[in-house]
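Coordinate-derived values only; no laboratory data. Computed from a predicted structure; not experimentally measured. Counting neighbours? That spans all protein chains shown, and the Cβs are built from the backbone with ideal geometry, glycine included.
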Amino acid sequence: MQVLKFGGTSVGSPQRMREVAALIDNGEQKVVVLSAVSGTTNKLVALAGCLLRGDREEAQERLDALQSEYISFIEELLEDADSRKQGLTVLNGVLATLRDLFTQEFTPREEKVVLAQGELLSTQLFHLYLRSQDISSELLPALDFMRIDQYNEPELELIQSLLHETLERTAPADYFITQGYICLNADSEIDNLQRGGSDYTATLLGAAIQAEEVQIWTDIDGIHNNDPRVVDNTFPLRNASYREAAELAYFGAKILHPTCVIPAEQSGVPIRLKNTMAPDAPGTLISQQSSRRAIAAIAAKDNIAAIKIRSGRMFNAYGFLRRVFEVFEQFRTPIDMITTSEVAVSLTIDNLTYLEAIIGALEPFGEVEYQLDQTIVCIVGDRLHEQTGYTKKIFAAVEDVPLRMVSYGGSNNNISLLVHRSDKERVLQQLQAHLFSAVPANTI
Ligand code: ADP
Ligand code: ASP
Ligand code: MG
């Protein structure tokens, strides 16, 4: 069985939903994971923001806007009176859930309930549409099987057994429709897999059912060699290895959720990225086979803090780095980049929740300073450490840019540069010009 995931733009209008229905309907049984209609999760974030700060008036206006948007959506999507009525019942249920939250204490827990409504809406409406077209479909409620533990990590074994139980009690169908992004946490509360998390749902389900392939359908024809929002003349990669794709996703390529490649890699399930707007384009296949390019692609990750610890005690000593790392472990904050000299160590983090506490805990080790608004630019390729000549090109491309840190040799796939956020755009553009002089013929 395959798992197909359609992102927000792919289900962003009634017309697009119809196109998705046509795309999946080939008689082969599959699991279909949907995101919320594009823009909805952002609107729910804003609505929850109002309630968190106690602004019920603005929250009500936002709820009314959502209501009229979805009434038009339903009227356009569902043509027969009976399906429309059912669509409006679904919408009213969601609106009632949201309205109930207006009158209670509103904490980040309630916020998660708000954020879950987008996927609950899109999947139910899509299912009603399929039914209205006599296409055999059943809903699989993601909250019945998607689970994360107390550290917000997915519990793959539990997901696997709960999913099988859910499938056993569900009527047979050609297409099983489920919500991306949402899950229950260790306290059995509604939670999510972080923004962009529907990709992660798809690869976790792919791993859970040992799917032959996970397809991620989006609004672009695969992983491009640079960020198409910033750089012109980017081109899609036909192939990327799990490692290459994982590094690109982790270091900011928005097309993939940062950790969604991991379950697919661990279970050996290939991921195919496809464009809903151009279904015939080959897209990108993520599997064991690499890009076979010394330099495959470039990505950038913003909102990084760089921390430097300078200490005479580091000189010729052992155990120092362990004590530094223990601080990050204590605050469950992953380190992305690290560079050391004899007297100082610099490292970066992207989760700033405990930044102040981390700085405080590091102070006994020496002089500590940090800078915010940094960006990691990550250059990914295949067996980079065995190639020659390209470091010169990279440094030539950024010769006029201050480099706060450089990390090389940590993996075979990646060289990372830390620059100020304000230099990001030109760094990506200049690297594109120096590293990719022409669009390779085999990608077109
Ligand atoms: P979806 O809603 O389908 O999950 P996303 O917006 O999350 O789609 O991801 C697709 C977008 O990712 C593209 O429209 C593109 O602008 C952006 N993007 C950023 N970096 C890359 C890249 N290297 N390759 C392809 N797309 C990228
Ligand atoms: N709807 C969620 C978001 O916008 C999850 C996703 O689209 O993958 O982040
Ligand atoms: Mg996405």
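Structural remarks
- Residues in the stretch 89-120 that are within 15 Å of residue 141 (Cα to Cα) and within 20 Å of the chain's Cα centre (by Cα): 113, 116, 117, 118, 119, 120.
- Some residue of the stretch 174-192 being of a type in the set (A, V, I, L, M, F, W, C) and either within 13 Å of ligand 2 (Cβ to nearest atom) or without any contact (Cβ under 8 Å) to a residue 24 or more places away in the chain (or both): yes
- Set 137, 122: member being polar (S, T, N, Q), closer than 20 Å to residue 6 by Cα and in contact with a His (Cβ under 9 Å, 6 or more places away or on another chain): 137
- Across the stretch 226-242, the number of residues qualifying as of a type in the set (Phe, Trp, Tyr) and part of a loop (DSSP other than H, G, I, E, B) comes to 1.
- Some residue of the stretch 141-154 being within 16 Å of ligand 1 (Cβ to nearest atom), in contact with a Leu (Cβ under 7 Å, 6 or more places away or on another chain), under 26 Å from residue 246 (Cα atoms) and of a type in the set (Phe, Trp, Tyr): no
- Here the condition is being away from ligand 3 (no atom under 16 Å from the Cβ) and crowded, with 16+ Cβ neighbours inside 10 Å; of 121, 158, 193, it holds for 121 alone.
- Number of positions in the stretch 193-236 that are more than 18 Å from residue 159 (Cα to Cα), within 15 Å of ligand 2 (Cβ to nearest atom) and out of contact with any Phe, Trp or Tyr (no Cβ under 7 Å at 6 or more places or on another chain): 7
- Qualifying residue in the stretch 419-427 (condition: buried (at least 21 other Cβ atoms within 10 Å of the Cβ), in contact with a helix residue (DSSP H, G or I) (Cβ under 9 Å, 6 or more places away or on another chain) and not in a loop (DSSP other than H, G, I, E, B)): yes
- Residue that is farthest from residue 408 (Cα to Cα), among those in the stretch 300-319 that are touching a helix residue (DSSP H, G or I) at 6+ places or on another chain (Cβ under 7 Å) and surrounded by fewer than 18 Cβ atoms within 10 Å (Cβ to Cβ): 313
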